[in-house]
Amino acid sequence: MQIEKKDIRALSKDQLRDFFVANNDKAFRGNQVYEWLWSKGAHSFEDMTNVAKTTRSMLEDNFVINHIKVDTMQRSSDGTVKNAVRLHDGLVVESVLIPTETRTTACVSSQVGCSLDCNFCATARLKRMRNLEAGEIYDQVIAIDKESRLYHNHPLSNIVFMGMGEPLMNYNNVIKAIDMITSPEGLGMSPKRIMVSTSGIPKMIKKMADDDVKFKLAVSLHSAIDEVRARIMPFSKNFPLADLREALEYWYRKTKNKISYEYVVWKGINDDKASIDALVKFCKYVPCKVNLIEYNPIDDGEFQQASEESILAYIKALENIGVVCKVRRSRGKDIDAACGQLANKEGSVD
Ligand code: SF4
């Protein structure tokens, strides 16, 4: 029976050093290989040119390097780039490069499909197939960084975990990937330029606060009324807003970092005065800002973008209580790269 080889990038630097010592080699060899794997982005052991041939074949006998491959790359008329990324087992996820005048942002996936069931989201229809490994998340960022340099002549400036999947349901790998992205041995990016967006799992928000993470937090709120939120995001029945509020207060006490609420206004769902009043009240609990996101319908069903008047009513009410509120116009609509649209239409998930 053939034993499945382990992905070498699942090993920490210390574990790699231990591996070499256990194989009668020097511990520093672990540092050398680690550097090849992360900062130099080696795709094969053959690439590690300053490592002895015998060591390379020993690594080959024991491990694999599960790199991603960008299968298709689509460019939108507004400069947005969408990558369909094939994983080592043939599954596909998507990641997006979103350029603005001042920055380029990578929107990356954390799961194949999603564990949750938001009714407005194309990814939810795929169901969760598996979590991404830390290396697979890291590789998406590297691929987009290259595209940012190629098309915009500067490195990637920001990262948001708003692609496919709920990042807090793949917490350990997301944290591991962020550690590498921010480490000088990886991209050396400031954690302040990274935002993890969650649909709001109270227990995990508290855990992040306890873990003293330095990145920013966004919560997909979409309604501050339990019944309405459950219609939009059925899983939220298990996480009432009172629990979410308590977790967010805990987060702020510990981190002193403001929270961003992601909020879409849909016609006939949350475009009424009661919804606006509820959001205004919720925003008073913890220092925050609100991003009102333009919606891209995924079908002709119940989720349709609300009128400009409803959005203006939200803005006015939030401004009245001094909450910063931005309207985020969607990018990459023509290539299905906009928020809520990632669903592997091009690459098959087979
Ligand atoms: S919106 Fe996010 S959390 Fe909700 S189903 Fe889609 S990918 Fe999952």
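Here residue 16 passes the criteria (1) in a loop (DSSP other than H, G, I, E, B); (2) of a type outside the set (Val, Ile, Thr); (3) under 26 Å from residue 131 (Cβ atoms) except the one numbered (1).
Exactly one residue among 189, 204 is in a loop (DSSP other than H, G, I, E, B) and either within 16 Å of the ligand (Cβ to nearest atom) or not assigned by TED's automatic domain parsing to the domain that holds residue 37 (or both), and that residue is 189.
If you filter the range 35-55 down to residues that are among the hydrophobic types (A, V, I, L, M, F, W, C) and part of a helix (DSSP H, G or I), you find that the one that is farthest from the chain's Cα centre (by Cα) is 45. Residue-level check: of (1) part of a helix (DSSP H, G or I); (2) more than 15 Å from the ligand (Cβ to nearest atom), residue 168 misses just (2).
Just a yes or no: is a residue in the range 110-124 surrounded by fewer than 24 Cβ atoms within 10 Å (Cβ to Cβ) and more than 12 Å from the ligand (Cβ to nearest atom)? The answer is no; no qualifying residue exists. Checking each residue in the range 67-93 for being assigned to a loop (DSSP other than H, G, I, E, B) and either of a type in the set (A, V, I, L, M, F, W, C) or under 22 Å from residue 5 (Cβ atoms) (or both) picks out 67, 68, 87, 88, 89, 90, 91. Against the conditions (1) in contact with a Lys or Arg (Cβ under 9 Å, 6 or more places away or on another chain); (2) surrounded by fewer than 21 Cβ atoms within 10 Å (Cβ to Cβ), residue 137 satisfies every one except (2).
Taking the range 211-296 and the strands (runs of 3 or more DSSP E) fully enclosed by it, the elements with 1 or more residues that are hydroxyl-bearing (Ser, Thr, Tyr) are at 216-220, 259-263.
Kindly indicate whether residue 148 is hydroxyl-bearing (Ser, Thr, Tyr) and either away from the ligand (no atom under 16 Å from the Cβ) or farther than 17 Å from residue 168 by Cβ (or both).
On the way: hydroxyl-bearing (Ser, Thr, Tyr): yes; either away from the ligand (no atom under 16 Å from the Cβ) or farther than 17 Å from residue 168 by Cβ (or both): yes.
Yes: the conditions hold for residue 148.
The values are calculated or read from the model by the stated rules, or taken from the named source; none is laboratory data. Just so we're clear, the structure is a prediction, and the values are computed from it rather than from any experiment. In this analysis, Cβ positions are derived from the backbone assuming ideal geometry, glycine residues included, and neighbour counts consider all displayed protein chains.
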